[in-house]
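J.: This is the structure I have questions about; it appears just below.
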Amino acid sequence: MRVNKEFKANVDEDFREADYVGRKVFGRCILIVVLLVIIFGGIGLAYKRVYVDANREIFKHSVAYTETAASFLAKEYQEYNKAETDVEKTAIMQYVVDRYPNLDLGDIENSDLKSFYRECLRGGN
């Protein structure tokens, strides 16, 4: 059984066209996926910068944050007073600064805790 040359040429042409169309569609789908990832990634970053950071700032000014910081400072102040060596005292002060590097002292009422925190920021000098 012989295949007609014209039929074979038509089938070959159809396969080439389908292959060409398939490659174009696949390439465009990949391009669309990459663009969507970039767009939604940008939206996610913008959301994080605006809303999450804003919520963090609101929490920093909340009563719970201030009370937690004050109780932490009181505990570490007691540990500082119990410490026997300068190395222990320096480690405690460094831990306080690492935990609360920019604490707002306006809401803390205890003057001893305020002065202890300021001393920690200065490094004990």
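The values are calculated or read from the model by the stated rules, or taken from the named source; none is laboratory data. No experiment lies behind these values; they were computed from the predicted model shown. Methodologically, a virtual Cβ is constructed for each residue, glycine included, from the backbone with ideal geometry; neighbour enumeration extends over all protein chains shown. We work out accessible area using only protein heavy atoms, side chains counted, and drop any ligands, DNA or RNA first. Shrake-Rupley method; radii C 1.70, N 1.55, O 1.52, S 1.80 Å.
J.: Taking a 1.4 Å probe, which of L105, L31, L73, L36 shows the most accessible area, and what order do the others take after it?
T.: Heavy-atom accessible area, descending, gives L31, L36, L105, L73.
J.: Placing +1 on the Cβ of each Lys and Arg and -1 on the Cβ of each Asp and Glu in the chain, which of Y47, L121, Q94 has its Cα farthest towards the positive end of the resulting dipole?
T.: The residue sitting most towards the positive pole is Y47.
J.: Please list, or write none, the aspartates and glutamates whose alpha carbon is within less than 19 Å of the alpha carbon of K5, excluding same-chain residues fewer than 8 places away.
T.: E13, D14, E17
J.: Select from the chain the helices, each a whole stretch of DSSP H, whose alpha-carbon atoms run 18 Å or more along the helix axis and whose Kyte-Doolittle mean is at least -1.0; answer none if there are none.
T.: 5-47, 63-82, 86-99
J.: Taking GluC sites (Glu not before Pro) that fall in a DSSP loop and have at most 12 other Cβ atoms within 10 Å as cut points, what is the longest piece of the chain between them?
T.: So the longest stretch without any such site is 1-83.
J.: Continuing with this model, one more query. So how far apart, in nm, are the two label points at A83 and E13 if each is 7 Å from Cα heading toward Cβ?
T.: Output for this residue pair reads 8.8 nm.
J.: Write down Rg/Rh for the chain, rounded to two decimals, with Rg from the C-alpha atoms and Rh from the Kirkwood relation over Cα pairs.
T.: 1.62
J.: Dipole magnitude of the chain about its Cα centre, charges +1 at Lys/Arg Cβ and -1 at Asp/Glu Cβ only, in debye to the nearest 20?
T.: For this selection, approximately 800 debye.
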